[in-house]
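This report refers to the structure that appears directly beneath it.
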Amino acid sequence: MAEIIVALDRPTSDEALALVDELGPGASFLKVGLELFTREGPAVVRALRNRGHRIFLDLKLHDIPHTVARAVRSMASLRVELLTVHTAGGGVMMEAAAEAAAEARGAQEGPMRVVGVTVLTSLDAEAVAGVWGRPVDSVRDEVVRLARLARASGLDGVVSSAHEAASLRSALGPDALLVTPGIRLAGDTHGDQKRVVTPGEAAAAGADYLVIGRTVTAAPEPARALERVRAELDSASNESPPERPTS
């Protein structure tokens, strides 16, 4: 069954830890993103790890290969479980990130896996076309193209909207990690996200990890909203899941 990662969308360590307390034991896997990490740095990751939490560090590293490799090694020392780089950094950069993570695992510095961000869930085809400087008929095709490059470069998987998850599972096979943000419970507002789905839809499409942010963290009762997400996933897992491809 797909795992839930709760995004700690809070600006300070105190606020993030207070949210963790409010969520309770149901939130064991947590995402630390740019806003929180930029302000609090590695200390907030260590504080969460000391509480026994698993960490998805979403920094979307994008720089020259040497710099990214050194950053990956630094993050591995924090024993985070997932780390993001941006696929737009190119194959050589992603290869450097994958090699640095593999070296860290070999040295028993932590369990970290590296996943590549493909197309942000805040972008639609028109916005992607503006970035690429060429017509884009299908965001899905762009995501699959970048995901193939990420896997060929040695990354463990990719981050994409769950709209592309089924296509990615077919293209990448059963071993690729698929991390899907932009998850909303039915009836929730989309905010600045353009490509969103419900938890059950994401799980049915083959996602391994569902990154849940405002649909839980902005709810009047976050713990209860998280329970609703988990209940939907439990219900989806009791239905016959789509058969994953073997190649």
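Rg/Rh for region 70-193 to two decimals, with Rh computed the Kirkwood way over all alpha-carbon pairs.
1.00
Per 0.36 nm of contour for each residue apart, how much would the distance between Glu22 and Ser170 grow if the chain were fully extended, relative to their Cα-Cα spacing?
The Glu22-Ser170 span can extend by a further 49.5 nm.
Just grab the label-to-label distance for Arg134 and Arg148, each label 7 Å out from Cα along the Cβ direction, in nm (one decimal).
1.3 nm
Which residues does the label zone of Glu3 cover in region 80-110, counting backbone N under 15 Å from a point 7 Å along Cα→Cβ?
Those under the cut-off are 80-84, 110.
Could you work out the pair-distance distribution P(r) of region 1-156 from its alpha-carbon pairs, with 10 angstrom bin width and percents rounded to whole numbers?
Distribution as computed: 11, 36, 34, 17, 2 percent.
Give me the extension gain from Asn238 to Thr38: residue separation times 0.36 nm, minus the current Cα-Cα distance, reported in nm with one decimal.
Additional length available on full extension: 68.0 nm.
No value in this document is a laboratory result; all are computed from the given coordinates. The structure presented is a predicted model; accordingly, all values stated were derived computationally and were not measured. Glycine gets a Cβ as well: all are built from the backbone with ideal geometry, and neighbour counts include every protein chain shown.
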